[in-house]
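I have a structure here, written as structure tokens, and I will follow up with some questions on it.
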Amino acid sequence: MKTKQTGFTLVEIAIVLVIIGLLLGGILKGQEMIAQAKIKNIINDLNGVMAAMNSYQDRYKALPGDDKGANARWTLTNEQGDGNGSIAGKYNTTTATDESALFWRHLRLAGFVSGTGWEQPFNAVSGKMGVQTGDAVLTGSAFGPVLATGTTVSGYTGLILCTANLPDKVAISVDSQTDDGNATTGSVRAGVGGGNIDVPAASSAYVEDGTKNYLVCRTLI
């Protein structure tokens with residue numbers, strides 16, 4: 001007795017392919033939504049820190065971290081700045097008494113930023129956020145302001161807010177949505193390097209190859 005072999009019909013195969021396509025499309029869409037949420041989160045953090053710093057200055061007439069009245073105001077010991085109008089220390093410092101660390105301590109004590117202590121907050125991609133005077137570490141890199149001729153100013157002393165370890169797509173989107181989309185011009189600039197690096201290499205342009213991470217810094221003052 002012969003048995004009849006049966007297989008999938010073209011209609012059944014088509015239905016399976018449609019289902020697979022819908023699943024893949026949903027996964028890709030979900031990944032894009034996650035990426036956009038991270039970008040929005042990072043931009044909100046940058047705007048929020050700027051607003052917090054300005055509010056602190058309005059209330060106490062001093063720059064957080066540089067505030068020489070902090071010890072008396074909150075009954076602290078060795079947790080105030082020197083009041084010279086500049087913030088000393090690297091954005092990613094691990095020294096609690098650096099003014100770039102006290103920046104966060106003062107904002108938290110004042111209630112403008114959530115949390116306790118001095119340690120820098122992390123962004124949505126697990127990179128540190130921090131402030132520093134641009135000339136303290138980054139002289140000659142992508143972060144100096146540029147004259148009309150395109151010459152880098154080596155003596156830049158403006159305050160910058162940095163957010164580290166941003167994947168290329170995220171860094172490009174953050175710059176494009178908040179500034180001019182160029183890594184070396186405008187108020188938002190970037191250098192190549194993963195992790196919480198001290199001195200990123202200056203970048204002539206963003207490269208979206210899926211492998212690079214950037215330190216992105218924004219001018220605060």
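Among 82-88, 13-19, how do they line up by average Cβ neighbours within 10 Å per residue, starting with the highest?
82-88, 13-19
For SER187, list long-range residues whose amide hydrogen, built 1.01 Å from N in the peptide plane, is under 5 Å from its own amide hydrogen.
HN-HN under 5 Å from SER187: ASP180.
Could you put TRP74, TRP104, TRP118 in order, starting from the residue whose Cβ has the fewest other Cβ atoms within 10 Å?
Exposure proxy ranking, most exposed first: TRP74, TRP118, TRP104.
Given the Cα-Cα distance of THR77 and SER114 and 0.36 nm per residue of separation, how much length would full extension add, in nm?
Taking THR77 through SER114 to full extension adds about 11.2 nm, to one decimal.
Right, here's the next one. Sticking with the crude label model, points 7 Å out along Cα→Cβ, report the distance from LEU22 to ASP209 in nm, one decimal please.
4.0 nm
Now a separate question. Could you line up THR95, THR133, THR211 from fewest to most neighbouring Cβ atoms inside 10 Å?
With the sparsest Cβ surroundings first, the list reads THR211, THR95, THR133.
What length, rounded to one decimal in nm, is gained on full extension from THR185 through to ASN84, with 0.36 nm per residue of separation minus their alpha-carbon distance?
33.6 nm
Sort ARG73, ARG105, ARG189, ARG59 by Cβ crowding within 10 Å, fewest neighbours at the top.
By the 10 Å Cβ count, ascending, the order reads ARG59, ARG73, ARG105, ARG189.
Per-residue HN-Hα couplings for segment 39-52, Karplus 6.51 cos²θ - 1.76 cosθ + 1.60 at θ = phi - 60°, whole Hz, x for Gly and Pro?
Taking θ as phi minus 60°, the curve returns 4, 4, 4, 5, 4, 4, 4, 4, 5, x, 5, 4, 5, 5 Hz for segment 39-52.
Rule-based calculations on the coordinates, nothing more; no lab input. Remember, predicted model here, so these are calculated numbers, not experimental data. Heads up, the Cβs are rebuilt from the backbone with ideal geometry, glycines too, and the neighbour counts pull from every protein chain shown.
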